[in-house]
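Every number in this text was worked out from the coordinates using simple rules, so none of it is lab data. Since this is a predicted model, take the numbers as computed values, not measurements. All Cβ positions, glycine included, derive from the backbone under ideal geometry; neighbour counts span all protein chains shown.
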Amino acid sequence: MRKVYRGKDIEVSFDLDQCVHIGECLRGDTAVFQLKRRPWVLADEASAEVVAQVVERCPSGALQYRRLDGGPQEKVGPGTKVTPVRDGPLLVTGRIEVTREDGAVETMPRATLCRCGHSEHAPFCDNTHLSINFRAPGRPYKIHLSEVRVRLDRPITKTEDPRRID
């Protein structure tokens with residue numbers, strides 16, 4: 001379920017079911033994205049341009065934005081690009097139409113799709129591949145530890161995620 005954080009110039013939305021806990025938001029701008037605060041996203045704490053740049057670094061599409069100031073929306077390329085992550089999900093960018101289990105269709109600019117077959121949030125990755133020791137070829141992806149991802153060897157549950165209550 002997508003939660004919306006509206007600022008004066010930009011609106012940020014977040015879907016915990018899509019998050020793979022890479023933490024680009026937390027490293028991107030600590031004034032806007034802060035786990036120990038409710039709400040954890042304050043879109044007016046930086047310019048709309050800065051907020052958009054940070055959101056676009058979110059590989060999973062859990063974070064998205066909509067400019068309210070007439071500024072440019074996220075650009076979606078003409079094609080779709082799929083990059084397998086070594087021992088992990090598929091990173092997909094472009095115009096992506098995802099059909100959820102309930103039949104709802106969402107158009108997204110980015111997503112991390114499960115390829116281990118064990119995600120509880122299919123078709124999205126929920127990092128279950130970590131606990132089942134999934135192995136597959138692909139591009140290495142640097143994972144940084146953060147307040148939201150404190151270990152590399154196991155996924156965190158939704159109840160462990162500090163952003164679960166807003």
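The fraction of Cα-Cα pairs per 5 angstrom bin, counted from 0 for the chain, comes to 1, 9, 17, 23, 21, 17, 9, 3, 1, 0 percent, rounded to whole percents.
For segment 81-131, the orientation-averaged shadow of the C-alpha convex hull comes to 3.3 nm² (one quarter of the hull surface).
Pairs with C-alpha atoms separated by more than 24 Å, drawn from the list 8/36; 3/75; 8/81; 3/36; 8/75, are 8/81. The simple spin-label model puts a point 7 Å past each Cα toward its Cβ; for residue 133 and residue 67 those points are separated by 4.9 nm.
Applying a DSSP loop filter and a limit of 16 other Cβ atoms within 10 Å to the trypsin sites (Lys or Arg not before Pro) in segment 1-110 leaves 8, 36, 37, 57, 75, 86, 100. Given their separation in residues at 0.36 nm each and the Cα-Cα distance between them, residue 49 and residue 161 gain 37.6 nm when the chain is fully extended. Can you give the relative contact order of the chain as a percent, counting alpha carbon pairs under 8 Å and 6+ residues apart? Averaging sequence separation for qualifying contacts and normalising by length gives 23 percent for the chain.
Take every Cα pair under 8 Å whose residues are at least 6 apart in sequence, average their separation, divide by the length of segment 81-131, and the relative contact order is 31 percent. Considering helices alone, the calculated mean residue ellipticity of the chain at 222 nm is -2500 deg cm²/dmol, with DSSP H runs of length four and up weighted by -39500 (n - 2.57) and normalised per residue. Per-residue packing, averaged as other Cβ atoms within 10 Å, sorts the ranges 126-134, 48-56 into the order 48-56, 126-134, beginning with the highest. Please give the residues of segment 88-107, grouped as numeric ranges, whose backbone N is less than 14 Å from a label point set 7 Å along the Cα-to-Cβ vector of residue 122. It comes to 99-103, nothing else.
Computed from the Cβ-Cβ distance with R0 of 22 Å, the FRET efficiency linking residue 105 to residue 76 stands at 0.90.
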